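The values are calculated or read from the model by the stated rules, or taken from the named source; none is laboratory data. Here the structure is a predicted model, which means the values were calculated and not measured. Heads up, the Cβs are rebuilt from the backbone with ideal geometry, glycines too, and the neighbour counts pull from every protein chain shown.
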Amino acid sequence: MASSTLTRRGLLRGVGTATVVTSCVRKPNDGKSDHPPITNVHTPAEIGPEPTSVSFTLDGKPAIVQVEPRVTLLEALRLDLDVTGPKLVCDRGACGACTVMVDGVPRNACMMLAHDVAGANVTTVAALGTPEALSELQAAFVRHDALQCGFCTSGMLVSCAALLQRRGPTRNKLTAEEVEDAIAGNLCRCGTYPHVVAAVLETAGAPPPTSRRGEA
Amino acid sequence: MTRTKIDVGFGDTRTTIEVDLPESEPRPWDARAELAVVGRELPRIDGALKVSGRARYTFDISLPRMLHAAVLRASLPAATIKSISLAKAEKRPGVVGVLALVKPGDRVLFAGQDVAAVAASRPELARDALAYVEVEYEAAPFVVDVVTAAKATAPRVHQGNVAERQTEGDEPGTGRGGTAEGNVRPMPVSQRGNVDAALKKAAVVHEAEYITQVQTHSALETHGIIVAWRGDDAMDVWCSTQGTFSVRDELAQIFGLDPRNVEVVSDYVGGGFGAKFGASAPGTRLGFVAGELARTTGRPVKLMCDRHEEQVCTGNRPDSFQRLRVGVDATGRLVGIHAKSLGTAGIGTGAGIGRNAFGVYTRCPNVRVEASDVFTNCGPATAMRAPGHPQGAFALELALDELAAKAKLDPLRLRIDHDEHPVRRWQAEEGAKRFGWTAARKRSADQRARNTRLRRGVGMAASIWGDFGRGGAAQVTCRIARDGRVTVENGVQDIGTGIGTVMAQVAAEVLLLDPRAITVRIGHTAYGPSVGSGGSTTTSSVTPAVRNAVEKAKIELIAVAAAQLGAKPSQVVWGAGGTVTTAAGKTLSFAALCKKLPAEEILATGSRARTYGHHPASFMGEPMQQIAGVQFAEVEVDTWTGVVRPVRVLAIHDAGRIMNRLTARSQVNGGIILGTSYALLEERVMDRDFGRMLNPNLESYKIAGPRDIPDIEVVLTDVYAGNNSTGAIGIGEPATIPTAAAIACAVFDALGVPVRSLPITPAKVLAALGKVPGKGTPT
């Protein structure tokens with residue numbers, strides 16, 4: 001993935017939009033690329049700026065989307081695939097509301113390009129469970145009121161699900177501090193953190209937080 | 001009106017008062033009422049949709065043929081527009097519509113002001129095209145800080161008078177400022193007694209300046225709106241708002257439409273802390289831009305602010321520079337409180353300091369609170385969660401602690417002795433025991449004496465708020481259908497407080513059903529008039545209307561049951577699960593009863609009566625309850641690094657009868673976390689040389705993360721105030737008022753020297769300890 005870091009939009013932003021706009025010879029934007037779909041980040045490919053197809057696995061199903069190479073994974077998910085669980089909040093990797101798992105690792109979808117996930121496995125909050133059949137973790141979030149407005153919740157859940165996955169059989173040894181570390185990149189403005197921690201520890205079968213965090 | 005006796009009280013106290021109830025009013029749920037569903041910890045009913053990512057917020061809505069708009073914002077803090085051309089932008093790829101928002105000769109008043117907008121097929125194409133809008137500015141002198149702006153020589157921000165922008169987020173009864181002199185515009189003064197004379201005679205006087213910063217709302221979902229015209233005289237609108245009807249009214253006014261032809265939907269809102277009223281935001285005409293671009297292009301237009309825009313032009317909590325003078329006589333009686341503040345709401349108004357100084361320590365006979373807006377070339381402020389109060393509480397409570405230290409008084413005793421609110425006094429006494437106040441203060445003194453590196457400290461502060469619930473403002477419809485489905489409908493929005501869940505509980509309580517069986521329809525203007533979620537009014541305004549509507553439907557159901565069972569309505573007993581029984585032993589299940597409805601649905605509407613009464617304390621002499629709350633905070637300060645770690649907060653609040661202990665606790669948690677973030681982390685930084693915000697994002701504008709917060713203990717003290725048919729009062733705002741104040745007092749206790757400026761950063765702590773050469777006083 002070393003090469004992908006160079007193509008990140010973060011770099012483009014650092015250079016400044018104006019520089020990029022003036023230094024690129026733009027083809028008509030609605031032109032279609034005849035390039036075959038990119039299915040692997042290691043495929044040699046010279047594409048853009050017109051939309052080019054990229055394929056990956058999204059929540060267990062094959063997905064293909066035709067986007068400009070500069071389009072972030074988050075925008076491709078939300079705008080082109082209408083997958084709106086991941087939210088756009090800060091748009092620069094500071095808040096975690098867009099967190100998805102890429103090959104099992106929680107990542108900020110706003111800090112990756114759609115073409116970065118060619119051939120990869122992308123998991124959003126929608127894959128954790130449906131409203132009719134919530135996962136244990138989701139159900140615990142609801143029980144503990146670990147969500148208020150709910151806008152951070154998708155990202156918060158993906159970070160927590162990744163933590164539980166990572167810990168596997170030792171999840172019942174999780175501590176409040178470890179949960180807080182896992183969600184350190186997920187900002188919430190309503191104030192749900194203590195309830196998120198309680199929900200994760202309960203799901204993990206770990207002892208509840210030792211400090212007093214509930215109503216007495 | 002019927003004169004009715006109801007039981008009121010709190011803790012172990014009970015009294016009977018008489019109130020006048022409208023004829024149609026059910027018997028209020030007073031102190032005697034024992035409820036099964038209301039008050040319980042019920043998880044929110046939309047939880048499953050939110051945790052599965054299926055809840056569609058405004059930001060998630062996509063319509064066929066929809067365009068995305070983006071706004072070009074002024075890059076200079078003060079300027080005159082020389083020329084503007086959209087010709088090149090209009091030709092950019094994907095662009096369908098353009099709109100100039102200024103014309104030559106217009107003045108720019110802050111960096112971030114609307115200049116032009118485009119609508120394009122994709123958001124990134126709209127943003128790209130903005131680079132091709134050609135604008136010529138003639139730069140003008142500007143000022144972005146209060147101290148400079150208040151000087152007579154400062155550049156004038158406004159020419160002429162400034163209109164106050166009041167929203168439902170503002171505390172009722174505030175505003176109405178005077179005429180500006182230079183950039184300084186005074187607000188009404190609150191006073192009693194003669195504070196100057198009293199402080200002249202006082203045995204001990206403390207005087208100092210206290211500073212608070214500008215805080216931004218930083219709701220996670222930015223301001224945003226989608227407008228889709230239906231013909232040329234009607235529109236459908238989706239908006240991330242705290243007031244669906246305020247959105248409707250603003251759009252109807254802008255476009256000259258009948259408000260009935262503007263339908264506003266807000267199914268889910270990604271947070272609202274006071275800035276989301278109307279179709280626009282305080283510093284940007286979002287409603288006009290989306291509506292006008294939709295009109296000219298003939299396509300739906302979506303306009304969402306990005307984070308930068310959200311930070312600079314959608315409102316903020318004003319800063320304050322407060323001079324406090326407080327004094328006690330030789331016996332330790334508080335004789336005077338004088339607070340005088342300058343603060344900036346940017347180009348807007350409303351930099352007040354709340355009610356704490358005037359309204360909490362009412363046994364102090366002489367008080368004067370004066371505040372002025374100082375105009376600066378910054379984005380306009382607007383109401384933010386308890387407008388003015390956290391600022392005022394911080395200065396007042398820290399000043400009282402400093403006075404107590406000087407006069408060798410116990411700061412907790414000083415507060416309890418001068419507070420007339422029986423609930424708050426009780427909360428303070430109980431809280432001190434639960435918190436271990438006395439032992440903790442001893443430990444702080446010991447650590448100070450031993451000059452340890454790590455120091456613990458504790459502080460305490462008070463909250464004051466009113467029951468601003470509004471009579472008649474919310475009209476709720478209850479539908480009961482032949483298939484047994486019970487629906488309650490109202491146009492109110494749920495900004496994350498859980499009002500929909502509480503509505504289900506109230507309906508379930510009346511009908512003795514499972515709350516999960518109630519269908520709640522909210523977030524749409526078609527569902528009937530309601531209040532905006534500001535002033536902590538929603539629960540108090542809406543729940544009585546729900547109850548009254550469902551009670552009416554129940555009366556109709558009982559009439560049907562009576563006819564079916566061959567009894568008089570008065571002989572029908574309503575039981576668990578909605579089963580009806582007569583004295584003769586005849587019975588009918590709820591499902592069977594509904595099947596017998598003469599029409600396919602019963603439809604009953606209810607509204608909330610005017611607030612009947614208040615007990616045991618009124619808010620600022622008004623006929624409404626004063627809500628009480630106290631918070632105790634403990635911090636640990638590293639005197640080598642200056643880092644303040646919030647250790648724990650004990651919050652004791654009342655909000656009338658608690659409707660849902662789970663969601664109410666979440667509100668208090670949220671208030672404390674917001675307050676902690678305000679105390680220690682958040683600060684808008686303006687560049688004095690360029691007049692722009694330096695941290696318009698979420699990585700250098702710090703909001704508290706999971707490791708930045710204290711352990712929180714919440715105690716909700718039910719108070720039966722006799723105010724409305726459910727007894728509910730709001731809690732959103734009072735919960736954030738005392739947190740920063742309590743933390744600042746705790747830092748003072750830990751260090752022995754005060755840090756009189758928020759946020760309490762390591763640099764300020766070290767300066768206060770005299771560890772920064774040339775700054776502060778050595779310990």
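Just a few scattered comments:
- Residue check for A:Val196: closer than 22 Å to B:Ala735 by Cα, more than 7 Å from chain B (Cβ to nearest Cβ) and crowded, with 24+ Cβ neighbours inside 10 Å: yes
- Residue within region B:522-539 that is surrounded by fewer than 24 Cβ atoms within 10 Å (Cβ to Cβ) and closer than 26 Å to B:Ala36 by Cβ present: yes
- Condition check for B:Arg443 on (1) part of a helix (DSSP H, G or I); (2) touching a residue at least 40 places away in the same chain (Cβ under 8 Å): one failure, at (2).
- Tally of residues being under 22 Å from B:Ala48 (Cβ atoms) and within 23 Å of the chain's Cα centre (by Cα) across region B:522-545: 3
- Every condition in (1) more than 10 Å from the chain's Cα centre (by Cα); (2) assigned to a helix (DSSP H, G or I); (3) facing chain B (nearest Cβ under 10 Å) is met by A:Leu164 except one, and the failing one is (3).
- Residue in region B:540-557 that is under 30 Å from B:Gly730 (Cβ atoms) and of a type in the set (Asp, Glu) present: yes
- Hey, B:Pro28 within 24 Å of B:Thr605 (Cα to Cα) and within 30 Å of the chain's Cα centre (by Cα) or not: yes
- When restricted to residues that are touching a helix residue (DSSP H, G or I) at 6+ places or on another chain (Cβ under 7 Å) and surrounded by fewer than 23 Cβ atoms within 10 Å (Cβ to Cβ), region B:131-162 contains 5.
- Test: residue in region B:80-93 that is farther than 22 Å from A:Asp91 by Cα, assigned to a helix (DSSP H, G or I) and more than 14 Å from chain A (Cβ to nearest Cβ): yes
- Single residue of region B:76-105 satisfying the filter (touching a residue at least 60 places away in the same chain (Cβ under 8 Å) and out of contact with any Leu (no Cβ under 6 Å at 6 or more places or on another chain)) that is surrounded by the fewest Cβ atoms within 10 Å (Cβ to Cβ): B:Thr80
- For region B:362-381, taking the residues that are in a strand (DSSP E or B) and of a type in the set (A, V, I, L, M, F, W, C), the one that is nearest to the chain's Cα centre (by Cα) is identified as B:Ala371.
- Of everything in region B:289-324 that is surrounded by fewer than 24 Cβ atoms within 10 Å (Cβ to Cβ) and of a type in the set (Lys, Arg), the residue that is farthest from B:Ala150 (Cα to Cα) is B:Arg299.
- Verdict on A:Arg212 being at pLDDT below 95 and not assigned by TED's automatic domain parsing to the domain that holds A:Glu75: yes
- Within the set A:Gly150, A:Gly205, the sole residue that is among the small types (Gly, Ala, Ser) and facing chain B (nearest Cβ under 7 Å) turns out to be A:Gly150.
- Restricting region B:632-664 to residues that are surrounded by fewer than 24 Cβ atoms within 10 Å (Cβ to Cβ) and touching a strand residue (DSSP E or B) at 6+ places or on another chain (Cβ under 8 Å) leaves a set whose member that is farthest from the other protein chains (Cβ to nearest Cβ) is B:Thr639.
- Pairing residues of region A:116-130 that are within 7 Å of another protein chain (Cβ to nearest Cβ) with residues that are part of a strand (DSSP E or B) and among the hydrophobic types (A, V, I, L, M, F, W, C), at Cβ distances under 6 Å and at least 6 apart in sequence or on separate chains, gives A:Thr124/A:Val100.
- Among residues of region B:277-309, those that are more than 21 Å from B:Ser62 (Cα to Cα) and within 14 Å of chain A (Cβ to nearest Cβ), counted: 2
- Verdict on A:Pro51 being within 14 Å of chain B (Cβ to nearest Cβ), farther than 29 Å from B:Leu698 by Cβ and touching a strand residue (DSSP E or B) at 6+ places or on another chain (Cβ under 9 Å): yes
- Test for A:Ala139: is it farther than 25 Å from B:Asp708 by Cβ, within 11 Å of chain B (Cβ to nearest Cβ) and of a type outside the set (Ser, Thr, Tyr): yes
- Across region B:406-430, the number of residues qualifying as of a type in the set (Gly, Ala, Ser) and over 25 Å from the mean Cα position of the chain (by Cα) comes to 1.
- Among the numbered conditions (1) touching a Gly at 6+ places or on another chain (Cβ under 6 Å); (2) closer than 30 Å to B:Asp329 by Cβ, the only one that B:Ala203 does not meet is (1).
- Some residue of region B:620-641 being in a loop (DSSP other than H, G, I, E, B) and over 30 Å from B:Ala767 (Cβ atoms): yes
- With respect to the conditions (1) modelled with pLDDT of 90 or more; (2) in contact with a strand residue (DSSP E or B) (Cβ under 6 Å, 6 or more places away or on another chain); (3) of a type outside the set (A, V, I, L, M, F, W, C); (4) surrounded by 15 or more Cβ atoms within 10 Å (Cβ to Cβ), B:Gly177 lacks only one, and its number is (1).
- As a summary of the residue check, B:Ile61 satisfies the conditions (1) without any contact (Cβ under 8 Å) to a residue 40 or more places away in the chain; (2) within 14 Å of another protein chain (Cβ to nearest Cβ) except for the one numbered (1).
- Tally, over region B:180-204, of residues that are buried (at least 19 other Cβ atoms within 10 Å of the Cβ) and of a type in the set (Val, Ile, Thr): 1
- For A:Leu163, the conditions (1) assigned by TED's automatic domain parsing to the domain that holds A:Pro37; (2) surrounded by fewer than 24 Cβ atoms within 10 Å (Cβ to Cβ); (3) at pLDDT 95 or above; (4) in contact with an Asp or Glu (Cβ under 8 Å, 6 or more places away or on another chain) are fulfilled apart from (1).
- Which listed residue is part of a strand (DSSP E or B), closer than 30 Å to B:Gly534 by Cα and not polar (S, T, N, Q), from B:Val476, B:Val423: B:Val476
- Residue selected from region B:691-723 under the condition within 7 Å of chain A (Cβ to nearest Cβ) and part of a loop (DSSP other than H, G, I, E, B), by the criterion nearest to B:Ile6 (Cα to Cα): B:Ile709
- Flag if A:Gly191 is at the interface with chain B (Cβ under 8 Å from one of its Cβ atoms), part of a loop (DSSP other than H, G, I, E, B), at positive phi and at pLDDT below 95: yes
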